[in-house]
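Quick notes on the structure that follows.
The values are calculated or read from the model by the stated rules, or taken from the named source; none is laboratory data. Bear in mind the structure is a predicted one, so any value in this text is a computation, not a measurement. For neighbour counting, all protein chains shown are included, and Cβ atoms are generated from backbone atoms with ideal geometry for every residue, glycine included.
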Amino acid sequence: MEEKTQQKKVTRKVIHYLIANHIIRKEKGRDLFSQTGIYPNEKAWLKFLNQSLMVLGVVFSVCGIIFFFAYNWTEMHKFFKLGLIEAGIIGVALFIFFKKPETFAFKIGLTALVLITGALFATFGQIYQTGANAYDFFLNWTLVVTIWVIISRFPLLWLIYLILINTTVVLYAEQVLRHDEETELFVVLLGINGVVLLVWEWFSYHQKSFSRARWFPRIVAMAPILILTVLTNSGIDNSFHKWPEVLGGVMYVLMIPVCYFIYTKIIRDLFILVLLAISLISVINFLIFEKAPDDLEAFFLSGFFSIAMTVLLVWQFVRLGKQWKEEVE
């Protein structure tokens, strides 16, 4: 039995079947649950606790640095402020220097290094009052930490880096371009986050060595879905008289069937399908309120539609989940 469990994947359903038919004893079944990873064993729990404490340590350390400078700002000399942060950077760099790149300690150390570097730029700007716009701060921060992000192979750090890029673009549009047209900015953000999502999904599907963390593409997918939803609703409200609204409407119509096919037939991700469903319901409800003769009629039509769609989508998602589970088992 142990040789078979090593050669073939044993699922929860198989183990319950073996126990129910008295092929194996319950004690052996509990051992199989631990051996196959269905139930986390002592080693898995220790690894989880170790990584959780590392993350908490980094978060509390960075928060401690920020509050320390905020409380003692006026009493410290400027060279002491910069020197203290630089000493922290050197200390973290020495720590990760003796760690292997594939270890979690190395990756979380790089994350701490990126965050402390941001604190260094912020402190420098406050001391010398460079007069730089906020986008300069985020742009310099993004450029300096790029190499660390590339070598980290750590989804959490990639997410932080993506947030820095989006923040830089938004602040640059507001402070330098001083352009009030938000729809054009949405198109730029759509391109950035959409490309990141496509690249991630392509590599995760074709490269077995690539990270399999599904939480990263799920968070990233929120941005393009939200942007396309906003552009489509804006187009409905303004009769699509702006090119970003036309582009957003066309891409939205294409996104629904394409993403449904990808995330049901190829990658299989119910979370992103739920996001698409919520987006579709919101767009159709917006269309109902925009085109209905009066608000009362729109209210009832929207209510009936939302209830019907919710029931239909829940039934469809439950059916998909069971179908995928049966195919895996």
Sole exception among (1) closer than 22 Å to Leu247 by Cα; (2) β-branched (Val, Ile, Thr); (3) surrounded by fewer than 18 Cβ atoms within 10 Å (Cβ to Cβ) for Thr167, by number: (1)
Quick check on the range 176-191. Is at least one of its residues in a helix (DSSP H, G or I), buried (at least 21 other Cβ atoms within 10 Å of the Cβ) and among the acidic types (Asp, Glu)? no
Filter the range 205-254 down to residues that are in contact (Cβ under 8 Å) with a residue 60 or more places away in the chain and under 20 Å from the mean Cα position of the chain (by Cα) and give me whichever is nearest to Val187 (Cα to Cα). Val220
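Taking the residues in the range 177-213 that are touching a Ser or Thr at 6+ places or on another chain (Cβ under 9 Å) and modelled with pLDDT of 90 or more as candidates, determine which candidate is nearest to Leu159 (Cα to Cα).
Residue satisfying both the conditions and the ranking: Trp200.
Can you spot a residue in the range 98-106 that is on the phi > 0 side of the Ramachandran plot and surrounded by fewer than 20 Cβ atoms within 10 Å (Cβ to Cβ)?
no
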Can we say Ile225 is out of contact with any Pro (no Cβ under 9 Å at 6 or more places or on another chain) and modelled with pLDDT of 90 or more? yes
Tell me whether the range 218-241 contains one or more residues that are assigned by TED's automatic domain parsing to the domain that holds Gly303, among the aromatic types (Phe, Trp, Tyr) and assigned to a helix (DSSP H, G or I). no
Looking at Glu245, Glu297 in this structure, which one is assigned to a helix (DSSP H, G or I), among the charged types (D, E, K, R) and within 27 Å of Thr183 (Cα to Cα)? Glu245
